[in-house]
Amino acid sequence: MQNIRWPSRSVHLFSDGALVESMVGFGEQRLVRSDVGLAHRAAFRVLGVAAPAHYLHHRYLRRALVHLDSAPRTILDAGCGSGDHSFYLARRFPQAQVLGIDIDGVLIARNCDVARALRLSNVSSETFSVTELIRGPFDIIVSIDVLEHLVEQRRALRHLHAALGPRGVSLVPHPHGPAVPRWLGEFHAWAEKSVWRRI
């Protein structure tokens with residue numbers, strides 16, 4: 001396996017004794033993707049994920065995951081895009097099967113290549129829409145930066161809810177209020193008001 005230095009490290013022990021996340025790097029696929037240049041890789045090694053909104057949503061996700069009662073076995077990343085959260089969740093929960101879905105077939109094909117390059121056998125990616133019926137059940141469903149781009153939000157939420165297991169947890173951030181502030185300080189204050197909903 002490729003030796004990668006991660007921008008951050010943390011460890012969490014669940015009440016059932018499962019140890020998770022010993023060396024997890026959010027955004028690590030930037031180090032193995034052929035379309036990412038050396039300068040971008042170097043910037044990632046120093047700064048991690050540089051996009052403020054993307055990184056903040058990841059921090060919210062990490063904060064929410066700490067409160068799980070037990071390690072999940074099935075995880076859905078609905079609207080996975082380039083797979084940042086899918087790969088992170090696959091590393092953090094190595095015993096879980098992670099499925100990333102997105103309507104962009106090009107991103108899904110690239111995510112499959114990246115999973116092979118990272119030697120992650122517990123993550124898969126499929127071209128699929130969150131507005132269609134999703135096979136489940138899943139212990140965790142995350143859908144980050146997705147709903148605000150959909151016309152059929154209620155339909156998507158119904159399908160996500162139907163795919164959730166009986167004790168499952170869904171993490172769906174949805175921006176609200178005025179337009180996103182331009183300055184970083186204002187952005188942080190706005191981001192803290194983002195709504196996390198449990199379905």
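The values are calculated or read from the model by the stated rules, or taken from the named source; none is laboratory data. As the structure is a computational prediction, the values presented were derived from the model and not from experiment. Reconstructed Cβ throughout: ideal geometry from the backbone, glycine too, with neighbour counts over all protein chains shown.
Is it fair to say R91 is over 20 Å from G48 (Cα atoms) and at pLDDT below 95? Let's see the steps before the verdict.
On the way: over 20 Å from G48 (Cα atoms): no; at pLDDT below 95: yes.
Against the criterion (over 20 Å from G48 (Cα atoms) and at pLDDT below 95), R91 does not qualify.
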> Taking region 88-115 on its own, how many of its residues are in contact with an Asp or Glu (Cβ under 6 Å, 6 or more places away or on another chain) and buried (at least 24 other Cβ atoms within 10 Å of the Cβ)?
Replying inline: 1
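Yes or no, residue by residue, for (1) at pLDDT below 80; (2) of a type in the set (K, R); (3) within 29 Å of Q153 (Cβ to Cβ):
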| position | (1), (2), (3) |
| --- | --- |
| N3 | yes, no, no |
| R9 | yes, yes, no |
| A18 | yes, no, no |
| G27 | yes, no, yes |
| R59 | no, yes, yes |
| I101 | no, no, yes |
> Is it true that A71 is without any contact (Cβ under 8 Å) to a residue 12 or more places away in the chain and outside any helix (DSSP H, G or I)?
Replying inline: no
>> Here is a check on your reading of the model: is L157 buried (at least 16 other Cβ atoms within 10 Å of the Cβ), among the aliphatic types (A, V, I, L, M), out of contact with any Cys (no Cβ under 8 Å at 6 or more places or on another chain) and under 20 Å from Q29 (Cα atoms)?
In response: no
> Pick from region 116-151 the residues that are of a type in the set (D, E, K, R), over 15 Å from I101 (Cα atoms) and exposed (fewer than 14 other Cβ atoms within 10 Å of the Cβ): which of them is nearest to the chain's Cα centre (by Cα)?
Replying inline: E148
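Please work out if R110 is basic (K, R) and without any contact (Cβ under 8 Å) to a residue 40 or more places away in the chain.
No; evaluated as a whole, the condition is false for this residue.
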> If a residue has to be of a type outside the set (A, V, I, L, M) and under 11 Å from the mean Cα position of the chain (by Cα) to count, how many in region 55-82 make the cut?
Replying inline: 11
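Are any residues in region 28-57 of a type outside the set (A, V, I, L, M, F, W, C) and in a loop (DSSP other than H, G, I, E, B), and if so, which ones? Walk me through it before giving the result.
Of the residues in region 28-57, the ones of a type outside the set (A, V, I, L, M, F, W, C) are 28-30, 33-35, 37, 40-41, 45, 48, 52, 54-55, 57.
Of everything in region 28-57, those that are of a type outside the set (A, V, I, L, M, F, W, C) and in a loop (DSSP other than H, G, I, E, B) turn out to be R33, S34, D35, G37, G48.
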> Which fully enclosed strands (runs of 3 or more DSSP E) of region 109-199 have 1 or more residues being modelled with pLDDT under 90?
Replying inline: 164-174, 195-197
> part of a loop (DSSP other than H, G, I, E, B) and buried (at least 17 other Cβ atoms within 10 Å of the Cβ), is that true of S82?
Replying inline: yes
